[in-house]
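A short worksheet on the structure shown next.
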Amino acid sequence: QVQLVESGGGWVQVGGSLTLSCVASGSIFSIDAMGWYRQAPGKQRELVARITSIGRTNYADSVKGRFTISRDNAKNTAYLQMNSLKPEDTAVYYCYVAVRDSIYWGQGTQVTVSS
């Protein structure tokens, strides 16, 4: 089993910044992709950003240029630096990791951007 612990969410004003962290532990041989999805009230869960084991990244169009994902493979940790936050970024952010054929999810962390 793989456990994920997320941290770093919270409340921030428009234009502010937050950094999310996701630490994986457990029966991990190697992690393939890591990333975050988010879900706002009444909306479907959407991919925000992902990073592969060799550092390739993908971003949702809505966050390109504002969010940066990175990972520390030695620590099994991913980070999501979120800058220039907008009210539409308000959502619960869920970290995930892909290990072989399985996907594991974090507990979710609330990000609220207020004007």
Hydrodynamic calc, segment 36-98: Kirkwood Rh from Cα pairs, then Stokes-Einstein at 4 °C with viscosity 1.567 mPa s, so D in µm² s⁻¹ is 105 µm²/s
Answer in debye to the nearest 20: the dipole magnitude of the chain about its Cα centre, from +1 Lys/Arg and -1 Asp/Glu charges placed on Cβ, is 120 debye
The chain: spread of alpha-carbon positions along the three principal axes, whole Å, largest first, is 43, 24, 22
Given unit charges at Cβ for Lys, Arg (+) and Asp, Glu (-), the dipole magnitude of segment 52-115 about its Cα centre in debye, nearest 20, is 180 debye
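Read-outs: derived from the displayed coordinates by stated rules, not from any lab. The structure displayed is predicted, hence computed values, not measured ones. Virtual Cβ from ideal backbone geometry, glycine too; neighbours counted across all protein chains shown.
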